[in-house]
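Chemist: Here it is, the structure in full.
The values are calculated or read from the model by the stated rules, or taken from the named source; none is laboratory data. Please read these numbers as outputs of a predicted model, since none were measured by experiment. Neighbour counts are summed over all protein chains in view; Cβ atoms, including those assigned to glycine, are modelled from backbone coordinates with ideal geometry.
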Amino acid sequence: MSHFLYSSIGLAAGVCFILALKGLSKPKTARRGNIIGAIGATIATIVVFFYAQEGESLPLNNFGWIIGAIAVGVVIGVPAARKVQMTQMPQLVALFNGVGGGAAALVAIVEYLHLGEKANTAEVIATVFTVIVGCVSFSGSIITFLKLQELMTTRPVVFPGGRFVIAGTLAATLGAAVWVVIELGTNPLMILAALSLLFGVLFVLPVGGADVPIVISLLNAFTGLTVAASGYVLDSTLLIIAGTLVGASGTILTRLMAEAMGRSLFGTLFGAFTAKPQEASGAAEDRPVRSGSPDDVAILLNYARRVVIVPGFGLAVAQAQHTVRELADLMLAKGIDVAYGIHPVAGRMPGHMNVLLAEANVPYDQLAEMEEVNPTFGQTDVAIVIGANDVVNPAALTTPGCPIYGMPILEVSNAANIIFLKRSMRPGFAGIENELLYDPKTMLLFGDAKASLTKVVSALKNL
């Protein structure tokens, strides 16, 4: 295959990646965008089999190794993607993202060892950058996976002198990077990789559970930059294009999510070191709440004119998206105006609620972003909060020093009536109590969300 033909096919794959990102920017076109991206990735993978630079042999000479690696990836990836529950999707994204960053770092190391003393300064610098960022992405993503899976505490992990340990590790990593560029050799590179892995762990540990989605997006951007840098090392324009697109889109998404949380990226990553201790609040069981039955909820909904449904992680846990769609359709048939209030960081990853509701074929025009739905809560008769806590918690507006302070929220407190579907009085992912639960106009419906909504649907049908 000629270099011109290879570059042309690579350009076509790059265009597919761009169109995929464009499609993924809107729920209505996300499925098509994902398919276009998969087609581009397939083209990019296949074309490599038939191209080699001058003086090099075709990759077909290593056909067995390549097919074996692809087979291992398929055996692991396909079952994992098909069997993963919607509640575990963020963990899967974090894990796959980390694997991508680690793979790029390993490829750069192998290429560096292959080039040896032939490597010029620019290639060495690109290798160093790839190893640092790739290793940070890998180890940091593993920590986000452990936090999301609740295999470790979701609270910020801080320790005395932690900020100085992080700064010292970063300084040592940068020093090792300079050492690699000046001296060349395997030992300096391995030390650099080890320090980068350590820094990735320390980088993510101070992040609290509510901010983990932002860190996932940031690490995704890191992986993209790593792939772009490895593309330079491997002289692959296609890798440079794909990596740059991922890095740029991940950076934009990170910035948008930080704005949605109402804080700076630096505050998100290192705010735990400067946060002031909060005063302990009264025990939840010592304070009265108003609980209700499915029949009570059905009666309230039956006489409502406008209802806003606020989905959260608990909806995903209960797999109640189809039931809530049935409830919404029933209310629409009764002439009730229904909308879904979507917070940009609801759930455990960007767009988590959009994906969940799309699975139940909820019409896109019923989804309302936070800026769109907040002004309407004053005219809303009933707000139904299903498994969401932090994104409606007034503490974000009233309690300086709490983990979510400054985050814009869905202002369900302005609705005439509020229904909370919860399993228990346990706080949300941020670990803070929600005063809205004790509001006199709030009714709590305890139990599994799917079972509770099924009973509400049955009761509403009988009215």
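Chemist: Based on what the data block shows, is residue 121 more than 23 Å from residue 205 (Cα to Cα) and surrounded by 13 or more Cβ atoms within 10 Å (Cβ to Cβ)?
Modeler: So residue 121 does not fit the description; no.
Chemist: Another one. Just name the residue that is surrounded by the fewest Cβ atoms within 10 Å (Cβ to Cβ) out of those in region 353-372 that are of a type in the set (S, T, N, Q) and assigned to a helix (DSSP H, G or I).
Modeler: Restricting attention to region 353-372, the residues satisfying the condition of being of a type in the set (S, T, N, Q) are 354, 361, 366.
Subsequent filtering for residues that are assigned to a helix (DSSP H, G or I) retains 354, 366.
Working: 354: 22, 366: 14.
Looking at the filtered set, the residue picked out is 366.
Chemist: Shifting gears a bit: Against the definition (at pLDDT 85 or above and under 18 Å from residue 317 (Cβ atoms)), how does residue 392 come out, yes or no?
Modeler: yes
Chemist: Taking the criterion of being assigned to a loop (DSSP other than H, G, I, E, B) and within 17 Å of residue 454 (Cα to Cα), would at least one residue in region 286-295 satisfy it?
Modeler: Yes: region 286-295 contains one or more residues that are assigned to a loop (DSSP other than H, G, I, E, B) and within 17 Å of residue 454 (Cα to Cα).
Results for (1) buried (at least 16 other Cβ atoms within 10 Å of the Cβ); (2) within 25 Å of residue 139 (Cα to Cα); (3) at pLDDT 90 or above, shown as yes or no for each residue.
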| site | (1), (2), (3) |
| --- | --- |
| 35 | no, no, yes |
| 40 | yes, no, yes |
| 60 | no, no, no |
| 67 | no, no, no |
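Chemist: Within region 224-242, count every residue that is in contact (Cβ under 8 Å) with a residue 60 or more places away in the chain and part of a helix (DSSP H, G or I).
Modeler: Final tally of qualifying residues: 11.
Chemist: Out of all the residues in region 303-353, which are of a type in the set (S, T, N, Q) and modelled with pLDDT of 90 or more?
Modeler: 321, 323
Chemist: While we're looking at this one, here's another question. Would you confirm whether or not region 383-397 contains a residue that is more than 21 Å from residue 435 (Cβ to Cβ) and assigned by TED's automatic domain parsing to the domain that holds residue 420?
Modeler: Of region 383-397, the ones more than 21 Å from residue 435 (Cβ to Cβ) are none.
Taking every residue of region 383-397 in turn, none turns out to be more than 21 Å from residue 435 (Cβ to Cβ) and assigned by TED's automatic domain parsing to the domain that holds residue 420.
Chemist: Would you check which residues across region 293-318 are of a type outside the set (A, V, I, L, M, F, W, C) and buried (at least 17 other Cβ atoms within 10 Å of the Cβ) and list them?
Modeler: 294, 306, 311, 312, 314
Let's see how each residue does on (1) under 28 Å from residue 148 (Cβ atoms); (2) touching a residue at least 40 places away in the same chain (Cβ under 8 Å); (3) β-branched (Val, Ile, Thr):
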{"residue": "338", "(1), (2), (3)": "no, no, yes"}
{"residue": "356", "(1), (2), (3)": "yes, yes, no"}
{"residue": "370", "(1), (2), (3)": "yes, yes, no"}
{"residue": "386", "(1), (2), (3)": "yes, yes, yes"}
{"residue": "396", "(1), (2), (3)": "yes, yes, no"}
{"residue": "407", "(1), (2), (3)": "yes, yes, no"}
{"residue": "411", "(1), (2), (3)": "yes, no, no"}
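Chemist: Another question, if that's okay. Specify which of the listed residues (126, 171, 221) is part of a helix (DSSP H, G or I), out of contact with any strand residue (DSSP E or B) (no Cβ under 7 Å at 6 or more places or on another chain) and free of Cβ contacts under 8 Å to residues at least 12 places away in the same chain.
Modeler: 171
Chemist: A further question follows. State whether the residues of region 118-141 include one that is touching a Pro at 6+ places or on another chain (Cβ under 8 Å) and not acidic (Asp, Glu).
Modeler: Within region 118-141, not a single residue is touching a Pro at 6+ places or on another chain (Cβ under 8 Å) and not acidic (Asp, Glu).
Chemist: Looking only at region 375-427, count every residue that is of a type in the set (Asp, Glu), surrounded by fewer than 18 Cβ atoms within 10 Å (Cβ to Cβ) and within 26 Å of the chain's Cα centre (by Cα) and tell me the total.
Modeler: 0
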